[in-house]
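What follows draws every value from the coordinates through simple rules; no lab data is involved. All values derive from a computational prediction rather than experimental measurement. We place every Cβ from the backbone using ideal geometry, glycine too, and count neighbours over all the protein chains shown.
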Amino acid sequence: MARGPQLSLAIRAKRFDTAHAPLFSDFRLDVAPSSVVALVGPSGVGKSTLLRLVAGIDTAYEGRIAIDGVPAAEAPPAGFVFQDARLLPWLSARENIRAVRAATTAAEADAALGRVGLGGFETAFPHQLSGGMQRRVALARAFSVNPRLLLLDEPFVSLDRSLVRDIQSVLKELIATHEPTVLLVTHLAEDAAVLADRAVVLADRPVRVVADVTFGVPRDARTPTDLVRIVTEIEGVQAGAASAPA
Amino acid sequence: MSEQTASPHGATRPRRMAGQRLFGLPLEAASLVLLVVFWQIVATLFPSRLMPSPLVVVGEMWSLTVDGRLLSDMGKTLSRTAISFVVAMVLGTAIGIAMGRNRVLDRLLSSWVVIGLNVPAIVIAVILYIWLGLTEFALILAVTLNKLPVVVTTIREGVMSFSRDYDELALAFRMPAGRRLRLITTPQLMPFVLAAARTGLALIWKIVLVFELLGSDGGIGFRIQTFFQFFDITGIFAYTIAFIIVVFVFEYLVLRPVEGRVLRWRADRS
């Protein structure tokens, strides 16, 4: 039985000011329990805003976002990984993990760090860690709340590709173990092809879904050929959306 | 002082450098020794009642301590300083936070703060002495009012520089208000509180002495005025040095350990 929740988005309107067209208008998206859905689109299209609405960071919208039928703002916290690692610089790696959940013990935090390959760095402050290591701490922190819903906002941005592969494999393991429902925001088709079951390509303003691609082959069974096919398919849709009149 | 070294895992770790020394002493202590040596040289070259040697001044300090005057005056000055400091820090921090968080309040009170920052300290003291008389309350109130705008300004700037990113983090993980205050707000505020404490304390030391000189029944400032009337430079030096010793004790036994503990994560970065 799937552990992750069903996620339903029905946003009637989301606007930042009255002078401009709304960012979202009658936007709908359903995400199946324990599935990994990549939101793909150009920078600034509204992907991160969507994630902030689901997380309950931004509640100024009309409509309803439900997690297993419960309004998002009332649901238990999702695991959130921001674009930057967003660690608290005055806390050690261990304390950064404990900060977001009072019940997490030091031993549990250390174990979480161990799972992302950071055993031995429990007392290191963020500035003593490399960029890749900080992202790992952020991943460990997100999973420390035992999330049924995981929200990833460009978690690999500004990392070199070898480091991205490294962190992706850690992330894949964690997702396989915890089986959360995942929303992954990315502008790279490659990230979607490696991690997701399905890609939702977004474009325009108000934001619309220009393509909804289900990959078919399970994540762990994908060959390099499958990955190239998926990337080509997503990029083809993106190119079409970019050239089509709004 | 530290430098960063890369670990095999790509992380950076601080490494303490050996403390630099002069004549076998840490540089801070060596500089004080040099100052005393320089003073002794000047006192030897220009022997005069107006330039006593360090040894004569230490002797005077001892006799003033034994007859009780020095400790009594020091106690009065320190208690005035402590009360003014605590009141100004508590009030200033509260007002600074309120102004940093509330734009209307900030605009409403910012002119008062500018006036407070720029009205000469002596004017406030004279006015309060006229209104309230040469009382302990008037002195402490005058000192507090002089320091308050400095604290308010520092804390307000600190609150305005808070990162919204951390608020988002707290919202995303549904951190309760108490936990946010302890783990997100307070650590961001502490560098500014400590800066306000340090600059404010330096200001208060000086103002208290001037106001005591202007009108009080005791304290270091009051006694220095008495010495001034008799051109007793040895007494003035003795009180000044005793005062400097207190400042150093506070600096090294209170301020620096607190700063080191609270700002450890920042010190490691340098």
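Key figures for this structure:
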| item | result |
| --- | --- |
| Residue list for the stretch A:217-232, given a label point 7 angstrom along the Cα-to-Cβ vector of residue A:173 and an amide N cut-off under 19 Å | A:219-222 |
| For the protein assembly as shown, share of DSSP beta bridges that run antiparallel, in % to the nearest 5 | 65 percent |
| Value of [θ]222 nm, deg cm²/dmol, for the protein assembly as shown, DSSP H segments ≥ 4, -39500 (n - 2.57) each, nearest 500 | -18000 deg cm²/dmol |
| Share antiparallel - DSSP beta bridges, chain A, percent rounded to 5 | 55 percent |
| Farthest toward positive dipole pole in the protein assembly as shown [+1 Lys/Arg, -1 Asp/Glu at C-beta], among A:213, B:26, B:254 | B:254 |
| Hits among aspartates and glutamates - C-alpha to C-alpha of residue A:14 under 13 Å, sequence gap 8 or more where chains match | A:26, A:58, A:62 |
| Crossing angle, helix B:54-66 versus chain B [Cα axis fit, 0-90 degrees, rounded to tens] | 90 degrees |
| Residue-span extension gain [residue A:18 to residue A:239] - 0.36 nm each, minus C-alpha spacing | 76.5 nm |
| GNM result for chain B, Cα springs below 10 Å: residue of B:50, B:64, B:78 fluctuating most strongly | B:50 |
| Reference-scaled alpha-carbon Rg (2.2 N^0.38 Å with N residues) for the protein assembly as shown | 1.34 |
| Nearest-0.05 FRET efficiency for residue B:110 and residue B:177, computed from C-beta distance (R0 30 Å) | 0.60 |
| R0 of 25 Å, Cβ-Cβ distance residue A:198-residue A:166: FRET efficiency to nearest 0.05 | 0.55 |
| Cα-projected label distance for residue B:103 with residue A:212, points at 7 Å along beta-carbon direction, nm | 4.0 nm |
| Separation of alpha-carbon centers, the stretch B:133-162 and the stretch A:10-37, rounded to whole Å | 49 Å |
| About the Cα centre, charge dipole magnitude for the stretch A:117-195 (Lys/Arg +1, Asp/Glu -1 at Cβ), debye | 120 debye |
| Listed residues A:61, A:167, B:95: farthest to the positive end of the dipole of the protein assembly as shown (Cβ charges) | B:95 |
| Cα-based reach from residue B:206 at 25 Å (exclusive), listing lysines while leaving out same-chain residues under 8 positions away | B:76, B:147 |
| Local electrostatic count, residue B:189, Cβ distance below 13 Å [Lys/Arg +1, Asp/Glu -1] | +3 |
| Fewest-first sequence of B:87, B:66 by Cβ atoms within 10 Å of each Cβ | B:66, B:87 |
| Rounded FRET efficiency, nearest 0.05, which uses the C-beta distance separating residue A:158 from residue A:74 and R0 of 35 Å | 0.55 |
| Average beta-carbon neighbours from other chains, 10 Å sphere, peptide A:80-90 | 4 |
| Pairwise centroid distance, computed over Cα atoms, of the stretch B:226-270 with the stretch A:98-145, Å | 41 Å |
| Neighbour net charge for residue A:205 - beta-carbon separation under 12 angstrom, K R +1, D E -1 | +2 |
| Residue A:32 paired with residue B:266, simple spin-label distance in nm, labels 7 Å along Cα-to-beta-carbon | 5.2 nm |
| Protection proxy ranking, peptides A:127-133, A:183-189, average beta carbon neighbours within 10 Å, highest first | A:183-189, A:127-133 |
